[in-house]
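Here the structure is laid out as structure tokens; the discussion comes afterwards.
Here, each number is a calculation from the coordinates, and none is a lab measurement. All values reported here derive from a predicted model rather than from experimental measurement. Every residue, glycine among them, receives a Cβ derived from its backbone with ideal geometry; neighbour counts consider all protein chains shown.
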Amino acid sequence: MTNLLAMMLSLSQDGSAAGVGGKGIVYLLVAVVTIPAVWKTFTKAGEPGWAAIVPIYNLIVLLKIAGKPAWWFLLLLVPLVNFVVLIIVLLSLARNFGKGGGFAMGLLFLPPIFYPILAWGDAAYQPQPA
């Protein structure tokens, strides 16, 4: 019995199919929840929903919805700076939907929970002056 357990642990640690399968399912579930929520969030803000699934362009649209200039995309490419910029963008995004800083932190750390709340909740997009 312990040999079987040791074998299962070694399979999951070396990146074989047995270990990747569980992670893949989790990533798939997160994507299935988050992508439609971001799509709906974009449409609530008057932007095309399909932009949520286009790499790079989705960040530019997110910056637009948050009321930030598109050139901030370049700041998102700089290590450590990107984390600070992302927090600022999410704070602005939350504020534009009538939410506070705690909600922005939820968007940062628990997006599969907070983006659906933003998308299908009663939050309305009301851009704030910069």
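Numbers below:
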read-out: Cα gyration tensor shape of the stretch 22-130, rounded if a/c is under 1.5, else prolate or oblate by comparing a/b with b/c; value: rounded
read-out: Net charge contributed by nearby residues that have their C-beta within less than 13 Å of Ile117 (K/R +1, D/E -1); value: +2
